[in-house]
Each structure stands twice: as C-alpha cells, then as structure tokens.
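Participant: To start, I am sharing the structure in question, which I have written as structure tokens.
Every read-out reported here was derived from the displayed coordinates using simple, explicitly stated rules and does not represent laboratory data. Keep in mind it's a predicted model, so treat the numbers as computed, not measured. As a convention, Cβ positions derive from the backbone with ideal geometry for all residues, glycine included, and neighbour counts pool all protein chains shown.
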Amino acid sequence: MILEAQKAGVGTGKLEAWLPVLVLAIVGGTLPLWGDSFFGLVASRVYIYWVLVAGLNLVVGFAGQLAIGWVSLLTIGAYTASALALGRVTPEIPTFLALAAAGVLGAVFGLIAGLPALRLRTFYFAMTTLGLSTIVTQIALAWKTVTGGGVGIQGPAMPAPFDSSWGFYFFCLGLALFVTWMTCNISASRYGRSLVAIRDAEVAAESVGIYKPKLLVSVFLFSGALAGVAGGLFASLQSYITPDAFTFDLSVLFFIAILIGGRGSILGPMIGTAILTILPDFAAPLVQWSTFLYAVLLLAIVLLVPGGIADLLDFKNRRPLDKHREIRPRPELLGQILSEPRKSELRLKNIVLSFGGVRAVDGVDLDIHTGEVHGLIGPNGSGKTTTLNVISGYYRPQEGTVSQDGIDVTKEGAHTRAAHHIARTFQTPRLIGESSVLENVMIGGNIDASGTFVESLMALPRHWRDEAHLRENAITALTIVGLERLANVRADRLQHSELRFVEIARALMMKPSFLLLDEPAAGLSVDEIKRLGALITAISKQGTGVLLVEHHADLIFDICDRVTVLNLGKVLASGTPDEVRTHREVVNAYLGA
Amino acid sequence: MLVQSIVSNGLAVGAIYALIGITYNVMFSASRVFSFTAGSVGMLGGVFGAIFIGQMGMPVIIGFLLTLAVGAILGVVIEFVTVRPVLKSLDQHLYVLSTLAAALMIQQLTAIYFSTDAVPFPRVIPFETAFFDQKFWLPILACIATIVGLEYLFRHTLIGRAFLAIAEDNYAARALGLPETRLRIASYALAGVIGVLAGFSAGQLMFASLSNGPLYNFYGFVPVALGGMGSNRGAVVGGLALGLFQQVANYFFGGVFSSVAVFVVFIIALLARPEGLAGAATARRV
C-alpha cells in the first residue's frame, strides 16, 4: 500500500524542484549565441537583480514578511564593495574580497532590517523597511569621505577574465545559477516548508516546534548577504554609482517581481524579475511609465490573480479530484510511527486564567496518562479549549502549573511542546492551503530532523537523510489516516472532514506521548465519526495519551477511559464514563435528562 | 530668535504630521486598514493648491475648496479600488499591497503630469504678520480646526456616533443596522479631505513637491504607531513632539542625525511595545 502510494507519484517532484535552475542554465547559456552585447548587458542586470530577489523571495514569498525597502541592502552592498575596492576606508582590497565583505555587511544589515519583523505586524514592518531605505540614502549622501556624497564613486573593477562584458556576463550567470540552486534546496527542505507555515498557519507552526525568530534570523542573514553581493556587482555593472542610482523604484521592482511571480514559487519570481527588468529597456517610451506599470501590475495581481505567474503555470492542481472520496484509516499501521511507547503523565494543578473580568479557567486540576483516552466535555464557554491552549503553551496561566513527569513546563512557549511530544489539532483546521497535503504532514516532523539551515542550503547529506525520512514517515502517517491518495493535492482543495484527518496525520508525525484533539468530530459524517473513534482508540492503545474535547456525547462515552466535565471554568465531575453519565449535576448542567 | 525659529518650525511640521496621522486613523477606524496612501494624498494637497491657485490663478477660497473636493473624491476612489476588494480577507493583509500600488500610482502620475521638482506655493492670506508667519500658523490652525471639527462630529452628531460604533465593533454595528459600507465611503472621503488639508496648509512651508509623499507617509505614521492606532490624541501629541524633536536635532546635529535618531527611537519603541505606547495588548486567538 505504501509502496503503491510512492509509485503513484508521491515524491516525483525532483525535476520540478530543479526546473528554475534548468531554465536559467538553458536560457543564460545559449544567450550569447542568439543575442548581441546589448542583450548581454540587460541579461547581466537581470542576473544581478535576481541574486537579490532570490534571497528576498524567501523573506517575502515564502515567509510572507512584507519587506518593501530592500534597496537599502543593495545600496549598502554597492558602497561597501566600491569603497573597499577603491581603498577609501582601508588599503585597496581585491574585488572578490570586497564583494565578500559586501555580502557580510549585507547579512548584518539584513538582520537589522529584518529584526522588527519578529515583533511587528505587516504594515508596521513594511514601514520600518521603508524608513531604513530612506535613511541609508541620506547617509550615502552625507558620508562624503567614503561614499563621495552626491558626486558618487567608481564601482569595483572586475579582474580578468571577468573584466570583459561577456566575462562579466558569465560571472553573473554563474552566481545566479548558484543562488537559484541554493534557494531551490531551501524551498524543498523543512526550512522552506516552515517558512510557508509561519506565513499561512503561524499558530500550527508553533505547535509543531517551529520557532519563528530563529528561522527568520537565518533567512534575513542569507537574504541580506545575497543583497550585499548583488549590490557589489550592481556597482561594478554601473561602473559609477551615486545615491540617485538607488531609487525607491528599484525596491518596488524587486518586491513586485516576487508578487507577480507568485508566493512560495522560485520560477515565478525569476520570470517576474526578468520581465520587469527587461520591459523598460526594450520599450523606451515606457521608461517614464515603468513604475506606474509596476503599480498597475501589483494592483491587478492582488485583485485578480493572487497566485501570480506560478499559479497560472500550476496545471497539476487543475485536474479535477474524484468526487466520491472516502476516508479509510488504517490504524493497524500505527506501530510503524508510534513504535517506542513512552510512559508519561501530564498534570495540571489549580490552573487559573482570566481574560479581563472573566475567569475562563478557574482552578482546574487534570491528570492525563499515556495509553488512555481522556474526554473533556462541558457546555460552550466552560473553558475546554482554553485548557487545551494552556497545555499547549499558547496561554500562560496566572496561577497553577502544567507539568510533565514532574517537570514544570508552564512558562515555556508553545514551540517547546513538540519536543515534549505533546501534539494537538485545532477547532478549525489550521493547514497551509497552498502546500500539498504531504508537505502539510511533513511539517509535523520538524523536530525529528537534525540538518541545519546551511546544510539544507548546500544540500549536504544530512539534508537528504532528513528529507527521505520525513517523506517516508509522512506517507505512512497519511496512509494511517486514509488519505495517501491525496498526498500531492493542494490542501485547500480538500473537504472539511479530510482536513481534520490531515491534522491528525500531522500530529502523528510528532510521535506524540500526548495528543490533544479539539473537537475532531465536528463536521464529520456518522460513518466518519465511527472511523475516527476507532483511530483514536488505536492511537491510545499504541501508548499515546489522548485528550479529547468533543461535543458528540456518544463518541465520548464510547471511547473514553476517563471523562472530566467542566462548567464555568471549574471541574464539575471527573471519573469513568459511567460515573459521569449518571452524575446528577452533569445531567443538569450539560447532558440533559 | 533661534528658539523661536525652532519652535515655530517644529510646531508647524508637527501639526502636519498630526494631520497625516489623523488621516491614517480615520481610514483605520472605518475599515481596520492601514493605508499607504495617507502621505501621497497629503502631498497632493500641496500640488493641487499650487495648480489651482498658483498656476490657474483661481481665488484662494475657490482653489482651497476645489482642493478639498479633489481630496474627497480621491478618498472615495481609494476606498473603492484598493480597500473594498480586499476587505473580505483582511487577515491576508492584501491591503498593504493594494494601497501601496495606489500610492505608487499617485506619485508617478504627479511626477509625469506635474513636476519632479518642488514648486513654490502661493501666499494664501493677503496680509503679513509681524513675527509668526502664516506658513507656520496655517498648519497649526488646520490641525486645531480638524480636531475641533472631529470632536464635534463624534460627540454631537448622529453620523459621528455611527462612525464611533463602527470603529468600536463593526460586526455589532452592522447587526444594529448601521449602513457600514456607506459610512466607510464617507470616512474615506473625510480622510481624503483631512489629508489634502494637511498638504494645502503646509504648502508654503514644504512647497508643492513630490518628495513630500513618502516623507508625510513615514513621519505621519510614526506618531500613530507610537500613540496607538486609532487614537487621535496620540497622533496630535506624538506629531507635535516628533516635529519639535526633529527641528532641535536638525539644528544641533544635522539632518541625517535627526532622521537616524527618529528611526532608531521609532524601532526601539515599537519593539518594546508593538501595540503602541498607549495601546492595549490584544489577546491572541487560537
């Protein structure tokens, strides 16, 4: 069965993943055969811009951070390389070293430009990058000893054999290919998936152990370094730079190229960069109007084709899906994922949490053991989901402790829960609509992988091992919940009930000691609820403790080993299903006669 | 003399920032949208003033009213083109992109059809004052008039109360039967008027210049971001403080230092309190 799913096309994305490198190599490699030196010059500019945009793409297209002022990093790179190569700060430095220095300084400023994104919301962050770009220009104008002020300075001269225009062309092409290859590697790694996850499903990303600040710092460093190097090459291409060369229009070009190309794609933004760069060069009357055209394009993309070029090229996801699909879980395969049962205990003591004047949770005690299904029921507003959020670290209670095997985890953030093997699903499924079902599930294995960002960037062995391992586990997890046939389908094409099962598959990837399910049966058909019940029972038999928040009383009393009833933030009753079912106050408050 | 120059410049520039801040606020209150167009609309106030009065020779009052009308129309167009289509998916923050596109279009059209250089703005009031020139007191007067006007609107008129209701909770307001869409259009028109008023009153001090767009946009946003989005009091206090600080820093340390200082303070303050110095933290929704 698993083999079948693999054969059915899961994991044949290899060629697709390398397509951008291939396209660039073919077009760039043959261009000297069919184009003249003017073409070569324009193409060199495209490559240089693309080196920057490829890095920015990870920030904007993947992580969804609206960095609109990235021209500031190009400026910093250009002046660093030029000033060092001319010996205006230190003795003259060879051009390649100067370019490297531009990369280092670019990385530092990429981090500075990006830091606000760790705390600020979209528009605020966009504004800070904009502010930075105006300040960098002002400094370039004022710091005359280094930058030459308004008069400008010479760009770094490339050494032979890169000093001829075709030599420079091939140098830029080589760098562009290398950069494309690196970002393709990232895109196909857990880092690429995690970036998309913090863009589209931030809360879920935290629950699988993705720590946004750390991830973004790596990306800002990388993106800044590329922008710095691109700046150095830009200065070399221009041969003379003044602050006027770094207009805000360039920032707009970079930013819009990505959006036109499509978020989360590499080929799309590459085509976008080429089009926007070439357009004014080949239609002289357009030059004056170019920024206006970019703006019109941006508006059109936002309003009409939010997916950009990449969406137009995505033929695979236009094929209709089978209308009569059934979810057929195969719990018997659970042993392949939950192979090492751990004995563990999760204990909540006297949890109190109020929002304003409302005590949402008011002194709740709760013990959950591995190998048990523990039901948590109660009327709306009784504090069930809040309790779940306290356990998974989204809320920090004002009083009380959450501890696992005696270790207090109350104050640790939500992203630490994955390492404790505490997994969860959400009341409304939180998945990445634009990613495939398989990628969504692979996200869950984030803590299981060990390769670093740089290892993925360079496609070192550990990156491949991680990928193979995650892919195999994800296919198994999908087979267990009965959705392996949909592995390659975009998640936003699935039905609601299927999304619920995808979330369970993602949670299984964490090899959970404890699995918290928030109303998993809501919106499911009667048959599906039955299968869900069997799946949950099987998961607990494998040694996982399940905390089940649910309104379907039948399901609760069928499969739970113990049930706790909440009312108005307090524990009303706790015990076996039979004890609870006949408890007088429970009947009055919740179940009805 | 020096102190006087710093204070009058600072208060005047600060009043302009405050007005742009209020422009942000009015749009935000009605739609929960931050719009990049606030600065460009302000810039157009100066540009249309210079066109109507300076180039076409209209009487001041007619030119002024026409400029305000242009602002109102512009506000409605912005609402219709860049805000309404993306309101359905507010959580995707598409408005950042659509309003950025609109701001870029305004800037570019101004560059092509008006001028890329600063154009002088005509005298608005025919008489001269001895020591406090009209270029300083006009923005301050415009700011005071706007605050008083808004205060009257919100406290004493039914439509103003409806505005407040929408700003507070637009679902509840709609459930009560308030015409949310019409009120939103009206507030965008109002925001357009306040925006061009800022640019018009600032004309003699800042000229009719394309480069005022990004400038107003950033420095108008700083006080509202720090004072808390939607708070006009924050915008006014923050705007005036920012204007004075800039002039002092400008005089003692130079323009670059003052820009860097404002930027650094802005970032640090926001990182420390992302919801603004006066705003309240909102609970996250899981």
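Participant: What is the angle, in °, between the Cα long axis of helix A:267-282 and the longest principal axis of the Cα atoms in chain A? Nearest 10 is fine, range 0 to 90.
Facilitator: 30 degrees
Participant: How well do other chains shield peptide A:298-304, expressed as the mean number of their Cβ atoms within 10 Å of each residue Cβ?
Facilitator: 6
Participant: While we're looking at this one, here's another question. Using the 10 angstrom Cβ neighbour count as an exposure proxy, how do A:Lys323, A:Lys349, B:Lys135, A:Lys541 rank, fewest first?
Facilitator: Ascending number of Cβ neighbours within 10 Å: A:Lys323, A:Lys541, A:Lys349, B:Lys135.
Participant: Here's a follow-up. Could you list B:Met1, A:Met270 in order of exposure, starting from the residue whose Cβ has the fewest other Cβ atoms within 10 Å?
Facilitator: Final ranking by Cβ density, sparse to dense: B:Met1, A:Met270.
Participant: Further question on the same structure: For helix A:95-114, what angle does its Cα long axis make with the longest principal axis of chain A, in degrees from 0 to 90 and rounded to 10?
Facilitator: For helix A:95-114, the angle is close to 40 degrees.
Participant: Label segment A:10-246 by shape, choosing from rounded, prolate and oblate, from the square roots a ≥ b ≥ c of the eigenvalues of the Cα gyration tensor; if a/c is under 1.5 it is rounded, and otherwise prolate applies when a/b is larger than b/c, oblate when it is not.
Facilitator: Verdict is oblate for segment A:10-246.
Participant: Give me A:His324, A:His552 ranked fewest to most by other Cβ atoms within 10 Å of their Cβ, as a rough exposure proxy.
Facilitator: A:His324, A:His552
Participant: For segment A:449-533, state the semi-axes of the equivalent ellipsoid (square roots of 5 times the eigenvalues of the alpha-carbon gyration tensor), sorted largest first and rounded to whole angstrom.
Facilitator: Working through the eigenvalues yields semi-axes of 30, 14, 11 Å.
Participant: Given N residues in segment A:434-593, what is Rg(Cα) / (2.2 N^0.38 Å)?
Facilitator: 1.26
Participant: Less than 23 Å apart at the alpha-carbon level, and either on another chain or at least 8 residues along: which lysines does that give for A:Lys323?
Facilitator: Qualifying lysines at Cα under 23 Å: A:Lys7, A:Lys530.
Participant: Between 0 and 90 degrees, rounded to the nearest ten: what's the tilt of helix B:94-113 against the longest Cα principal axis of chain B?
Facilitator: Taking Cα atoms only, the helix is inclined about 30 degrees.
Participant: While we're here: Check the straight Cα-Cα distances from A:Lys316 and name the aspartates and glutamates below 19 Å, setting aside those fewer than 8 residues away within the same chain.
Facilitator: Partners within reach: A:Glu16, A:Glu434, A:Glu439, A:Glu484, A:Asp492.
Participant: Still on this structure, please answer the following. For A:546-554, what's the mean count of beta carbons from other chains sitting within 10 Å of each residue's beta carbon?
Facilitator: 0
Participant: Arrange the peptides A:296-305, A:100-109, A:467-476 so that the one whose residues have, on average, the most other Cβ atoms within 10 Å appears first.
Facilitator: For the peptides A:296-305, A:100-109, A:467-476, the packing ranking is A:100-109, A:467-476, A:296-305.
Participant: What is the spread of the Cα atoms of segment A:186-318 along each of their three principal axes, largest first, in whole Å?
Facilitator: 52, 37, 21
Participant: Also, I was wondering about something else. From the Cα gyration tensor of the protein assembly as shown, with a ≥ b ≥ c the square roots of its eigenvalues, which class applies: rounded if a/c is under 1.5, or else prolate if a/b is larger than b/c, or else oblate?
Facilitator: oblate
Participant: Given the rule -39500 (n - 2.57) for each run of at least 4 DSSP H residues, summed and divided by the residues of chain A, what is its mean residue ellipticity at 222 nm, to the nearest 500 deg cm²/dmol?
Facilitator: Dividing the helical sum by the residues of chain A leaves -16500 deg cm²/dmol.
Participant: Among A:Phe282, A:Tyr79, A:Ala100, which residue has its Cα furthest toward the positive end of the charge dipole of chain A, with +1 on Lys/Arg Cβ and -1 on Asp/Glu Cβ?
Facilitator: Most positive-ward Cα: A:Tyr79.
Participant: Tell me the relative contact order for segment A:10-246 as a rounded percent, counting alpha carbon contacts under 8 Å between residues six or more apart.
Facilitator: Relative contact order for segment A:10-246 comes out at 39 percent.
Participant: Just to confirm my numbers, what's the Cα centroid distance between segment A:206-242 and segment A:313-389 in Å?
Facilitator: 38 Å
Participant: Nearest 20 debye, what's the magnitude of the dipole of chain B about its Cα centre given +1 on Lys and Arg Cβ and -1 on Asp and Glu Cβ?
Facilitator: 560 debye
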